[in-house]
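This report concerns only the one structure given below.
FYI, it's all coordinate maths here, none of it is from the lab. Please read all numbers here as calculations on a predicted model, not as lab measurements. We place every Cβ from the backbone using ideal geometry, glycine too, and count neighbours over all the protein chains shown.
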Amino acid sequence: MSKAENKERYVILVDDDILVLQSLKDQLQSFMDDNILFETCQSAEEAIEVINDILAGGNEVCAVISDYLMGGMTGSEFIVKVKELIPQARNILLTGQADISGVAKAINKGALYRYISKPWDANDMRLTLAEALSAFEMEIALRKSNDELLTVNRELELKVKSRTLELMNTNKELQDGAEYASFVQAHLFPSMAQVSQYLPVTELYLQPYHQISGDFYWMSLPDEDGSVYFAAGDCTGHGIAGGFMSVMNIAALNEAMFQCTDRSPKGIMDYVHTRLTEMTTISDDLQHVHLRAEMTLLKFRFNASCVDYASNGNGVIVLNRETNEVIYPLRRSISAFSPDGDRTIKQGTLEDVGNLDVILFTDGITDQFGGSHNRKLGRKGLAQWISDSNGSSYPQYYQSLFAEYSKNHVTIDDALIVVFRCT
């Protein structure tokens, strides 16, 4: 047995017969390691004094071996006292009497490790004491481990509380920042009332995935000939990153109104792409991914009753209200890229638009899972909504359909849909 923390370890032997005590000590001391000290006492009262002195000196009592029948306090009463003083000590009771009730009392109090009948076998006594000391050591080690574990747990709790507070503070900062960014972004987008001043808009629905949207829309003031431009776009990413890109696209579109000489929708989109490239220091092969925005730009030429369009995505469907025919102006592969990394831009003109509904949308609409079959809405599903509308002027028609379709499913992206009813 090792001597831990410089504490002396004691075994207390108690018997009112001095010859028995000496014999017991001789049998055990030669068998035990030198770091175990033996103290002999001729009464329970004396033993209690010795134990208190040992404990007061900062040392340990590992085991007590006591006779049962002694003058004054009995062995079983003494063992119970020892249990109160040293709960971890292993107590062995020697008895030459058949007084089971006395032994039972010590057992019931949980004070007794073993009892051995007199006369005892020397080897049995040695083995019993060795086991008692081993059990004592194991309990001490377990207590130490538990204490260390409690200390670690307390330190961990403090660290968790501290880290939780840090995360709460960080989260509050992010939340406050996100709320303000959402406020700023919302005021960059023209309101429904502002759009309807210049364009025949019947529905405008934008649902950010989380506060800040990577989807955006933009409108110009009337040009010299009365033409008005409107763009709907989906930037790479959502949240703060997508929102930041939406601001860059809106800034480039506003600049294009003053700087771009080619006033066609494609000319303006080319200008926007060039400016976004110039505004960043990214020069790797993934530049088009970081800066990409799928955008559709419309130019309403009211004096010619037509709408010019340009797009590098698939985000437009047209309904002929007279025939209820659904038209796809942009038949394209969404993975089509030009050599410089930007999506190829398709352009065209919608003539005689008096009976047309022009619907702009982002893939947050068509990629949404929902419905009774738990599948993506897709372009076909959206086209069916458009066909079923039959030119309906029901307010928030598509917003209501989208909310019903996705009600039992998590939204996976920003979602934008804008409907123009040309007359």
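A compact table of results
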item: Nearest-20 debye value, region 191-421 charge dipole, Cβ charges on Lys, Arg, Asp, Glu; result: 480 debye
item: Qualifying lysines (Cα of each under 27 Å from Cα of residue 376; at least 8 residues distant if same chain); result: 346, 407
item: Label assignment, Kirkwood radius over Cα pairs in Å derived from the structure, set [x] 23.0; [y] 28.9; [z] 25.1; result: [y]
item: Relative intensity, log₁₀ I(q)/I(0), of region 4-145 from a Debye sum that treats every alpha carbon as a point, q = 0.11 Å⁻¹; result: -0.35
item: Extreme residue, positive dipole direction of region 191-421, given options 297, 249, 327 (C-beta unit charges); result: 327
item: Set of lysines with alpha-carbon distance to residue 7 below 19 Å, sequence-local pairs under 8 removed; result: 144
item: Options 30, 410, 221, ranked by Cα towards positive dipole end of the chain, top entry (Cβ charges); result: 221
item: The chain: relative contact order as a whole-number percent, Cα under 8 Å and 6+ apart; result: 12 percent
item: Gaussian network model of the chain, springs between alpha carbon atoms under 10 Å - residue of 242, 71, 371 with greatest fluctuation; result: 71
item: Separation of alpha-carbon centers, region 135-170 and region 205-243, rounded to whole Å; result: 52 Å
item: Projected area averaged over orientations for region 191-421, convex hull of C-alpha atoms, nm²; result: 12.6 nm²
item: Helix axis angle, 239-259 relative to the chain longest principal axis, alpha carbon, degrees; result: 20 degrees
item: Of 176, 17, 270, the one that fluctuates the most in a GNM where the chain has Cα springs shorter than 10 Å; result: 17
item: Residues 316, 418, 272, sorted so that the one with the fewest Cβ neighbours within 10 Å comes first; result: 316, 272, 418
item: Dipole magnitude (debye, nearest 20) for region 19-75, charges at Cβ of Lys, Arg, Asp, Glu; result: 140 debye
item: Cβ-based net charge around residue 216, under 10 Å, with every Lys or Arg adding one and every Asp or Glu removing one; result: -3
item: Partners for residue 380 among aspartates and glutamates (Cα-Cα distance below 15 Å; same-chain residues under 8 apart left out); result: 325, 363, 367, 388
item: Helix 122-186 vs. the chain, principal-axis angle (Cα, 0 to 90°, nearest 10); result: 20 degrees
item: Loop-located GluC sites (Glu not before Pro) in region 135-231, at most 14 other Cβ atoms within 10 Å (DSSP); result: 224
item: Charge dipole (debye, nearest 20) of the chain; +1 at Cβ of Lys and Arg, -1 at Cβ of Asp and Glu; result: 1400 debye
item: Among 188, 44, 316 - extreme Cα towards positive end, dipole of the chain, charges at beta-carbon; result: 316
item: Separation of alpha-carbon centers, region 189-204 and region 346-423, rounded to whole Å; result: 17 Å
